[in-house]
Amino acid sequence: MKQDMIVILDLGSTENTTIARQIRDLGVYSEIHPHDITAGELEKLENVKGIVLNGGENRVVDGSAVDIDPGLYECGYPMMAIDHPTAKCERTRDALPTEEDLKEFVFGVCQAEANWNMKNFIEDQVELIRKQVGGRKVLLALSGGVDSSVVAAMLIKAIGQQLVCVHVNHGLMRKNESESVVEVFKNQLHANLIYVDAVERFLGKLEGVADPEQKRKIIGGEFIRVFEEEARKLEGIDFLGQGTIYPDIIESGTKTAKMVKSHHNVGGLPEDLKFELVEPLKQLFKDEVRACGVELGLPESMVYRQPFPGPGLGVRCLGAITRDRLEAVRESDAILREEFERAGLNKKVWQYFTVVPDFKSVGVKNNARCFDYMVIIRAINTIDAMSATIERVDWDVLQRITDRILAEVGNVCRVCYDMSPKPPATIEFE
Ligand code: XMP
């Protein structure tokens, strides 16, 4: 391993992630571990230079007072204790260490080197993957989202043709999305990629289904079945690649949180399809995943994509999905994205998309009455997707988008802008 590491032990603090980020921002790798890690477990970690004991108020985890394994004090690592003061001390819990404190501890006391960067990280992971996989094969569901794309690029670098990528086109992808997965991974990176055209199959299953939860269940369930069928056709696969990232694992940093989500992306594979997991991004925060993707040579458009729901355009073609409305969603979404890029809004706005409701409204086209669909534009900003505010898009930009949608998307006669914050509205409509 190339990187030095500072271990943060979670003694009930809510600030573990903040401190991990601060240390990583100093260029030193840091990992959060549960407070009850044993001395033996700690000694198995490589290149540990020091330990931060990060206590919450009175060092409480799940209601009980906690302390670390006394054996840890014998390991000889430099330690820094952060005991967020209690109310009694008349100070707030914001008494986090300053950057200077952390620098002094990390570089002065621990003598750690600032060698945490994506180049070193990738070299380490490539080595680890090769060690784990040997001459065997890894299967990966490659959706084209940021995490699965970066995992694919990393695995291609490490094991080349021993990686088998399966891309399932469920017909609910954005315009040219599946094509760009094939272009980047098959044509440019020469990946062993199986492209599954499951469009008819998904749309068939979804026919007449209007309930949003039912739609999600069908899309998720069918995805697993298609992936499973492909997996069964292949021989000699022992591993499953996964785009698990650090926030998936730490959540609160406690022991129980370690178990959160093991089969997140392709959950629910049948018992007899047993794979060992390969999760090369599990130590990275989202922005680090993006930086890793860029370092691995993926196009920025793939790495800096806005979030896109798993069920894709399926939850934006409201109610029972019909092909004509699905095309209207896809085409209007492509126009919106093109115009946001042209206006520089793609770098500023967190998420933006269009939806098409399942009713028509009256309009006039070519001097005749028409009865056509409506496109609703939504553009929001948020930090954690729990609450959101709308982007105040410039009228001229909105006008251009509207004109283009009305001119280029055949069965639409009306365009609206969604002004609702979350709450009470959610970001998506379904
Ligand atoms: P809501 O609509 O709940 O969305 O405010 C919050 C964020 O989650 C995304 N989203 C999903 N992502 N599968 C996903 O992977 C889903 O079923 C799903 N539903 C919503 C949504 O796009 C937003 O970023």
Checklist line | Angle in degrees between helix 146-159 and the longest Cα principal axis of the chain, rounded to the nearest 10 | finding: 60 degrees
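Taking 0.36 nm per residue of sequence separation and subtracting the Cα-Cα distance, how much length would be gained by fully extending the chain between ARG201 and TYR73, in nm to one decimal? Mind dumping the intermediate values first?
Numbers: separation 128, 0.36 × 128 = 46.08 nm, distance 5.95 nm.
Stretched out fully, the ARG201 to TYR73 stretch lengthens by 40.1 nm.
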Item checked: 10 °C / 1.306 mPa s Stokes-Einstein diffusion coefficient of the stretch 1-52, Kirkwood radius on C-alpha pairs, µm²/s -> 141 µm²/s
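Can you quote the Å³ per residue value for the convex hull of the Cα atoms in the stretch 118-303, rounded to an integer?
Details: hull volume 24.8 nm³, N = 186.
Each residue corresponds to 133 Å³ of Cα convex hull volume.
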Notebook entry, point to check: GLU183 to ARG21: extension gain in nm, 0.36 nm per residue of separation minus the Cα-Cα distance?
Noted result: 54.8 nm
Notebook entry, point to check: If you plug each phi of the stretch 325-339 into the Karplus form 6.51 cos²θ - 1.76 cosθ + 1.60 with θ = phi - 60°, what whole-Hz ³J(HN,Hα) values come out, in order, with x for Gly and Pro?
Noted result: 6, 4, 5, 5, 5, 4, 5, 5, 4, 5, 5, 4, 5, 4, 6
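Rounded to the nearest 5, what % of DSSP beta bridges with both residues in the stretch 316-417 are antiparallel?
If I count the DSSP bridges inside the stretch 316-417, around 65 percent turn out antiparallel.
Compute the FRET efficiency between LYS233 and LYS360 as 1/(1 + (r/R0)^6), taking r as their Cβ-Cβ distance and R0 = 60 Å, and round to the nearest 0.05. Before the final figure, lay out the partial values.
Numbers: r = 43 Å, r/R0 = 0.72.
So the FRET efficiency works out to roughly 0.90.
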Next item on the list: Quick one: which residues, 5+ away or cross-chain, put their amide H under 5 Å from the amide H of GLN351? H built at 1.01 Å from N.
Entry: ILE380
Check: LYS175: which aspartates and glutamates have alpha carbons under 16 Å from its alpha carbon, excluding same-chain residues fewer than 8 sequence positions away?
Finding: GLU183, ASP197, ASP324, GLU327, GLU331, ASP333, GLU338, GLU339, GLU341, GLU408
Check: Once amide H atoms are built 1.01 Å from N in the peptide plane, which residues 5 or more positions from ILE194, or in another chain, come under 5 Å H to H?
Finding: CYS165, VAL166, HIS167
Checklist line | Surface/4 estimate of mean projected area, convex hull on alpha-carbon atoms of the chain, nm² | finding: 24.4 nm²
Note to self: With only alpha-carbon atoms in the gyration tensor, what are the semi-axes of the equivalent ellipsoid for the stretch 384-430, in Å, largest first?
What the structure shows: 25, 14, 8
Next item on the list: Mind pulling the angle between the C-alpha long axis of helix 395-408 and the longest principal axis of the chain? Nearest 10 degrees, somewhere in 0 to 90.
Entry: 50 degrees
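No value in this document is a laboratory result; all are computed from the given coordinates. The structure displayed is predicted, hence computed values, not measured ones. Virtual Cβ from ideal backbone geometry, glycine too; neighbours counted across all protein chains shown.
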